[in-house]
Amino acid sequence: MKLIVKNVFRDKEDHVTVYEPGTILEVNNRERASDLVKRGLCEKYEGKDVAAFTLGKPAAKTSVKGNAAKTAKKETKEPATGTDKGESTEGDQVPETNDGDTKEQ
């Protein structure tokens, strides 16, 4: 829902961003949008201008293909390499010096 700021206010999420009158906002949470309107901070905006800020998380787009891909990724538990199973590689070895101390390269 697009809103236009009528009275200056500070963002409740980051407490830093200040919205000035005339700024167009895209608010993804209906409850938050109606609260801003109810408190007199914003009004509904019907124009075609692009929003300067987006408040809230974007609405999730659901697709069967996307959900199947996410499920497949979650089920993959085996690592691509065996290095996390205690196996060492040549790059992990630290050579010893003549005095018995180890050095990092």
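At-a-glance table
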| read-out | value |
| --- | --- |
| Matching residues, the range 2-13, being open to solvent by 70 Å² or more (accessible area, probe 1.4 Å) and outside any strand (DSSP E or B) | K6, N7, V8, K12, E13 |
| Residue that is at pLDDT below 55 and surrounded by 12 or more Cβ atoms within 10 Å (Cβ to Cβ), where the choices are T83, T71 | T83 |
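The values are calculated or read from the model by the stated rules, or taken from the named source; none is laboratory data. Quick caveat, the model's predicted, so the values are computed rather than measured. Positions of Cβ are generated from backbone atoms using ideal geometry, with glycine treated the same way; all protein chains shown enter the neighbour counts. In case anyone asks, the SASA skips ligands and DNA or RNA and just uses the protein heavy atoms, side chains included. Shrake-Rupley method; radii C 1.70, N 1.55, O 1.52, S 1.80 Å.
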